[in-house]
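Q: Sharing a structure below in structure tokens format, with a few things to ask.
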């Protein structure tokens with residue numbers, strides 16, 4: 001498959017990025033209010049404006065993007081009887097549940113209490129439990145997708161390679177960015193680190209929505225073409 005910007009998919013990515021940019025601005029206004037930088041930002045004292053706030057405005061939009069990805073991959077899996085797209089849809093179900101339900105935070109706290117982890121190297125004791133939980137499910141889904149990949153069609157394998165690259169980029173912002181935010185204790189840098197981490201995740205998820213929508217659109221165009229050929 002060749003990545004392309006067909007008309008509809010181009011509109012999707014523009015709309016997604018434009019909306020992400022609005023949430024980035026709201027986040028900066030909120031942080032400026034917390035640091036008393038600008039009097040104008042007094043209107044943005046609500047924590048829901050923060051891009052890092054669970055169930056905040058930006059996070060809810062992120063959940064919606066993940067939901068769209070699940071739906072589109074699910075339809076592609078059903079139409080193509082594809083194990084590959086089924087595996088990816090299942091993975092994004094987990095990502096949505098983890099983001100909306102804070103699964104890795106809760107599991108990290110539980111594992112930390114059970115195994116007696118202690119804070120070290122600038123990391124909290126819960127962070128080690130979160131890493132173990134995330135690593136377990138990361139390996140689990142890697143195995144599932146690898147098995148599906150082995151039996152997948154050529155085009156499905158190619159699309160999987162693109163998705164893996166985007167997922168690794170998402171993990172880079174989500175995991176590495178999170179760890180750096182914990183280690184770096186300089187107060188005025190925290191808003192910037194938060195924007196890099198969470199903002200990066202938003203941009204990558206928008207790119208994944210565009211990519212999957214492009215696959216979805218192409219699949220339906222192919223179906224339409226086959227139906228027109230059959231009628232002719």
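The values are calculated or read from the model by the stated rules, or taken from the named source; none is laboratory data. Not measured: the values here are computed from a predicted model. As a convention, Cβ positions derive from the backbone with ideal geometry for all residues, glycine included, and neighbour counts pool all protein chains shown.
To keep it simple, each residue is scored yes or no on (1) closer than 25 Å to residue 210 by Cβ; (2) touching a strand residue (DSSP E or B) at 6+ places or on another chain (Cβ under 9 Å); (3) at pLDDT below 95.
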residue: 27; (1), (2), (3): yes, no, yes
residue: 33; (1), (2), (3): no, no, yes
residue: 65; (1), (2), (3): yes, no, no
residue: 73; (1), (2), (3): yes, no, no
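Q: Now for a separate question. Here is a check on your reading of the model: is residue 97 under 25 Å from residue 108 (Cβ atoms), at pLDDT 85 or above and buried (at least 20 other Cβ atoms within 10 Å of the Cβ)? Walk me through how you get there before you give the answer.
A: Working: under 25 Å from residue 108 (Cβ atoms): yes; at pLDDT 85 or above: yes; buried (at least 20 other Cβ atoms within 10 Å of the Cβ): no.
It is false that residue 97 is under 25 Å from residue 108 (Cβ atoms), at pLDDT 85 or above and buried (at least 20 other Cβ atoms within 10 Å of the Cβ).
Q: Scan region 48-57 and give yes if some residue there is more than 23 Å from residue 201 (Cβ to Cβ) and either surrounded by fewer than 14 Cβ atoms within 10 Å (Cβ to Cβ) or modelled with pLDDT under 85 (or both), otherwise no.
A: Pass one, region 48-57, residues more than 23 Å from residue 201 (Cβ to Cβ): none.
No, that holds for no residue.
Q: In this structure, is residue 9 touching a helix residue (DSSP H, G or I) at 6+ places or on another chain (Cβ under 7 Å), assigned to a helix (DSSP H, G or I), at pLDDT below 85 and closer than 28 Å to residue 149 by Cα?
A: Working: touching a helix residue (DSSP H, G or I) at 6+ places or on another chain (Cβ under 7 Å): yes; assigned to a helix (DSSP H, G or I): yes; at pLDDT below 85: yes; closer than 28 Å to residue 149 by Cα: yes.
Taking the combined requirement at face value, the residue satisfies it.
Q: May I pose another question? Being within 19 Å of residue 198 (Cβ to Cβ) and crowded, with 20+ Cβ neighbours inside 10 Å is the requirement here; does residue 105 meet it? Full working, then the answer.
A: Details: within 19 Å of residue 198 (Cβ to Cβ): yes; crowded, with 20+ Cβ neighbours inside 10 Å: no.
No.
Q: Consider region 73-92. How many of its residues are assigned to a loop (DSSP other than H, G, I, E, B) and free of Cβ contacts under 8 Å to residues at least 12 places away in the same chain?
A: 1
Q: Sort out which residues of region 150-164 are in a loop (DSSP other than H, G, I, E, B) and either surrounded by 15 or more Cβ atoms within 10 Å (Cβ to Cβ) or without any contact (Cβ under 8 Å) to a residue 12 or more places away in the chain (or both), and write them in order of number.
A: Of everything in region 150-164, just one residue is in a loop (DSSP other than H, G, I, E, B) and either surrounded by 15 or more Cβ atoms within 10 Å (Cβ to Cβ) or without any contact (Cβ under 8 Å) to a residue 12 or more places away in the chain (or both), namely 152.
Q: Here is a follow-up. Taking the condition part of a helix (DSSP H, G or I) and within 20 Å of residue 140 (Cα to Cα), does residue 59 pass? Break it down into steps so the answer makes sense when it comes.
A: On the way: part of a helix (DSSP H, G or I): yes; within 20 Å of residue 140 (Cα to Cα): no.
Judged against the criteria, residue 59 is not a match.
Q: Within region 173-190, can one find any residue that is farther than 30 Å from residue 27 by Cβ and either buried (at least 18 other Cβ atoms within 10 Å of the Cβ) or modelled with pLDDT under 85 (or both)? Don't jump to the end; show me each part of the working.
A: Looking only at region 173-190, we keep the residues that are farther than 30 Å from residue 27 by Cβ, and these are none.
No, region 173-190 has no match at all.
Q: Go through (1) touching a residue at least 60 places away in the same chain (Cβ under 8 Å); (2) under 18 Å from the mean Cα position of the chain (by Cα) and name the single condition residue 59 misses.
A: Against the list (1) touching a residue at least 60 places away in the same chain (Cβ under 8 Å); (2) under 18 Å from the mean Cα position of the chain (by Cα), residue 59 comes up short only on (1).
Q: Moving on to the next point. Give the residues of region 110-127 that are buried (at least 17 other Cβ atoms within 10 Å of the Cβ) and either assigned to a helix (DSSP H, G or I) or touching a strand residue (DSSP E or B) at 6+ places or on another chain (Cβ under 7 Å) (or both), sorted by residue number. Quick ask: steps written out before the conclusion?
A: Kept after step one, since they are buried (at least 17 other Cβ atoms within 10 Å of the Cβ), are these residues of region 110-127: 111-112, 117, 125-127.
The answer is 111, 112, 125, 126, 127.
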